[in-house]
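Comments concern the structure below.
The values are calculated or read from the model by the stated rules, or taken from the named source; none is laboratory data. Keep in mind that what you see is a predicted model, and the values were worked out from it rather than measured. A quick note on method: Cβ atoms are made from the backbone with ideal geometry, for glycine too, and the neighbour counts reach across all protein chains shown. When the accessible area is computed, the model is the full protein with side chains, heavy atoms only, and any ligands, DNA or RNA have been set aside. Shrake-Rupley method; radii C 1.70, N 1.55, O 1.52, S 1.80 Å.
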Amino acid sequence: MATVSALAAMGNAAPQLRFHIDGALNVGCTREEIVETLIHVSVYAGFPAAQRIVRGS
């Protein structure tokens, strides 16, 4: 989840973010946990990064 958070905060790493989200789901993280993480990151990363998160994932 830390890697997902960091990549989401960067805002310009959509392919890597998708890969790590799939990996997180593969090791047992739930979809809800990932969505909650992305919501929290979007607040701290700012609106432009949040838009890129939504479009890229």
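So here's what we get for this one:
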read-out: The chain, helix-only ellipticity at 222 nm - DSSP H runs n ≥ 4, -39,500 (n - 2.57), divided by all residues, nearest 500; value: -25500 deg cm²/dmol
read-out: Heavy-atom surface of the chain, accessible at 1.4 Å and reported per residue (Å²); value: 68
read-out: Protection proxy ranking, peptides 22-28, 7-13, 36-42, average beta carbon neighbours within 10 Å, highest first; value: 7-13, 36-42, 22-28
read-out: Projected area, mean over directions - the chain, Cα convex hull, nm²; value: 3.1
read-out: Dipole moment magnitude, nearest 20 debye, the chain about Cα centre, only Lys, Arg, Asp, Glu C-beta charged; value: 220
read-out: Length released on extending from Arg55 to Ala14, taking residue separation times 0.36 nm less the Cα-Cα span; value: 13.9 nm
